[in-house]
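The values are calculated or read from the model by the stated rules, or taken from the named source; none is laboratory data. As the structure is a computational prediction, the values presented were derived from the model and not from experiment. Positions of Cβ are backbone-derived with ideal geometry, glycine not excepted, and every protein chain shown enters the neighbour counts. Remember, those area values only see protein heavy atoms, side chains included, never the ligands or the DNA or RNA. Shrake-Rupley method; radii C 1.70, N 1.55, O 1.52, S 1.80 Å.
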Amino acid sequence: MENTVIRRCFKKDEEGVINICYDTGFMGESLKNKNIFNDKKLFGYLFCIYYMHYEIKNCFVAEDVLSNKLIGYIIGTMNTKKQEKLFRIKMFWRICVRVLTYTWWKHPETIKSIIYYVKNTEGRYELKNLYKEYPAHFHINIVPQNQSSGLGSSLLKEFEKHTLINSIHGIHLETTNMNIKAVPFYIKNGYTILSKENSILWKGIDNCKVIVFGKKI
């Protein structure tokens, strides 16, 4: 990590964040060549672009100073309830435009994955009862070659410090039991399981459970 710097995120980092998000988007593995969600930009709209556009003050990246390339990020919000409302207002129309003007004909496999997910997650568990105690949340991803290097813990500490500066004392996050690297990572860093529920994320993936972790800081 001697050639790595952790810093605040800037608008110019958007492409790098999207690339990392996509390269770790299949339960910690890359979506490349899986032919289940080939529209990388739409994936970014769903999972990371909102934070880059509207909550960039809560976003941090890890950069390799020798190559000037991003190798990790942690992005999030201090107020999940507000974030969910703003996401619907700010991002849904972008997602719809992307789907209707590009994705539906260029990447039909992506449409199938979205429809499959929506059909199978109707009535999904509610997290709103957690928001009072754990109002902040984050998404963290590291490129595969830099995982298990301590970089994830460093990014996590940066976000936790930022959360305390903003007088927020509870953080939550979601992952799955299929992300075998993530679960022990969060436990090691003091996060406890708040809920665990069956979920259908990708077709053909059985026994998948969404795990919600939380931490008081």
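In the stretch 1-27, of all residues being part of a loop (DSSP other than H, G, I, E, B), surrounded by fewer than 19 Cβ atoms within 10 Å (Cβ to Cβ) and touching a residue at least 24 places away in the same chain (Cβ under 8 Å), the one that is farthest from the chain's Cα centre (by Cα) corresponds to 3.
Find the residue count for the stretch 167-214, including only residues that are part of a strand (DSSP E or B), among the basic types (Lys, Arg) and under 17 Å from the mean Cα position of the chain (by Cα). Selection size over the stretch 167-214: 1.
Kindly provide the set of residues from the stretch 127-146 that are among the polar types (S, T, N, Q) and surrounded by fewer than 18 Cβ atoms within 10 Å (Cβ to Cβ), ordered by number.
The first filter runs over the stretch 127-146 and keeps only residues among the polar types (S, T, N, Q), leaving 129, 141, 145-146.
The answer is 129, 145, 146.
Looking only at residues in the stretch 198-217 that are open to solvent by 70 Å² or more (accessible area, probe 1.4 Å) and in contact (Cβ under 8 Å) with a residue 60 or more places away in the chain, the one that is nearest to residue 159 (Cα to Cα) is 216. Scanning the stretch 57-76 for residues that are in a helix (DSSP H, G or I) and either under 15 Å from residue 2 (Cβ atoms) or within 14 Å of the chain's Cα centre (by Cα) (or both) yields one hit, 58. Could you tell me whether residue 73 is hydroxyl-bearing (Ser, Thr, Tyr), closer than 27 Å to residue 115 by Cβ and in contact (Cβ under 8 Å) with a residue 60 or more places away in the chain? No, not satisfied.
Take the residues in the stretch 112-126 that are open to solvent by less than 70 Å² (accessible area, probe 1.4 Å) and at pLDDT below 65; name whichever of them is nearest to residue 213 (Cα to Cα). Steps first, please.
Within the stretch 112-126, the subset open to solvent by less than 70 Å² (accessible area, probe 1.4 Å) is 113-114, 116, 120-121, 125.
Now drop any that are not at pLDDT below 65, which leaves 121, 125.
On the way: 121: 20, 125: 14 Å.
Only one residue tops the list, namely 125.
Any residue at all in the stretch 36-51 that's under 17 Å from the mean Cα position of the chain (by Cα) and either more than 28 Å from residue 147 (Cβ to Cβ) or open to solvent by 70 Å² or more (accessible area, probe 1.4 Å) (or both)? Even if it seems obvious, please write down each step before you answer.
Going residue by residue through the stretch 36-51, those that are under 17 Å from the mean Cα position of the chain (by Cα) are 37, 39-51.
Filter again for either more than 28 Å from residue 147 (Cβ to Cβ) or open to solvent by 70 Å² or more (accessible area, probe 1.4 Å) (or both), leaving 41, 47.
Checked the stretch 36-51: at least one residue is under 17 Å from the mean Cα position of the chain (by Cα) and either more than 28 Å from residue 147 (Cβ to Cβ) or open to solvent by 70 Å² or more (accessible area, probe 1.4 Å) (or both).
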